[in-house]
Amino acid sequence: MPSEPDGHAIAAKRALRAELRERRRIRSQHERDAATESLTTQLIALTSTLGPRSLSCYLATPDEPQTRPFLHWAADHGIRVLLPISRDDGLLEWATYDRELDESLDALGMPVPTTDVLGPIAINDVGLILVPAAAVDRGGMRMGWGRGYFDKTLGSMDRRPPVFAVVFDNEVVDELPREPHDQSVDGVVTPSAITRFAD
């Protein structure tokens, strides 16, 4: 799908995000628990196949596909995990995951680790990037929640490792509206599957 005029793409994204946010909000606890168990299995399978010594992920909010069981597994298997911290200037800083430490909230009210902050370029050392998303289309285009943090980060990397978005199964769609700054991903992980997109 070619880039649309910005005004149309922005409006279409806004409407789609509102719909997706509501779908996540009304998901039952039983559905969430089942999705978490299956998603953890898929994330472990992807990581085991790619074999990174370090990766980046994120601490999921209550409505997002849950990442904490996977993060526990990664820590138990000696994989270094970096987690994002949002800055006021639109950049992401990074901190290492430590399951023994409490969580805090960043400038956007997102859960973050309380370990030492490493700065924006720490992401360059990981072998796999797992990013949140509102939806992903079958061509590999990711739509976030509108703040652009991950688009800026991915767009600034000279050598990107594999990047996979993490969403629920019904958030993989045929096409998404896009803007020039939007960054694609190499694949998507859902509770039911790992999908890699063609180059």
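Out of the residues in the stretch 93-142 that are surrounded by 13 or more Cβ atoms within 10 Å (Cβ to Cβ) and of a type in the set (K, R), state the one that is farthest from H72 (Cα to Cα).
R138
Give me the residue from the stretch 31-84 that is assigned to a loop (DSSP other than H, G, I, E, B) and more than 26 Å from E19 (Cα to Cα) and, out of that set, most open to solvent (accessible area, probe 1.4 Å).
R53
Quickly run through the stretch 104-130 and pick out the residues that are part of a strand (DSSP E or B), closer than 12 Å to Y58 by Cα and modelled with pLDDT under 95.
Residues satisfying the conditions are P111, V112, P113.
Based on what the data block shows, is Y58 of a type in the set (F, W, Y) and under 21 Å from V136 (Cα atoms)?
yes
For the stretch 23-30, state whether one or more residues are open to solvent by less than 40 Å² (accessible area, probe 1.4 Å) and closer than 12 Å to F168 by Cβ.
Within the stretch 23-30, one or more residues are open to solvent by less than 40 Å² (accessible area, probe 1.4 Å) and closer than 12 Å to F168 by Cβ.
Please work out if V185 is closer than 23 Å to R21 by Cβ and of a type in the set (A, V, I, L, M, F, W, C).
Considered against the rule, which asks whether it is closer than 23 Å to R21 by Cβ and of a type in the set (A, V, I, L, M, F, W, C), V185 comes out as yes.
Looking at A45, is it without any contact (Cβ under 8 Å) to a residue 60 or more places away in the chain and aliphatic (A, V, I, L, M)?
no
Mind checking which pairs have a first residue in the stretch 135-153 that is of a type in the set (S, T, Y) and a second that is modelled with pLDDT of 95 or more, Cβ under 7 Å, 6 or more apart or different chains?
Within 7 Å, the pairs are T153/I123.
The values are calculated or read from the model by the stated rules, or taken from the named source; none is laboratory data. Nothing here was measured: the structure is a model prediction, and the numbers come from that model. Counting neighbours? That spans all protein chains shown, and the Cβs are built from the backbone with ideal geometry, glycine included. When the accessible area is computed, the model is the full protein with side chains, heavy atoms only, and any ligands, DNA or RNA have been set aside. Shrake-Rupley method; radii C 1.70, N 1.55, O 1.52, S 1.80 Å.
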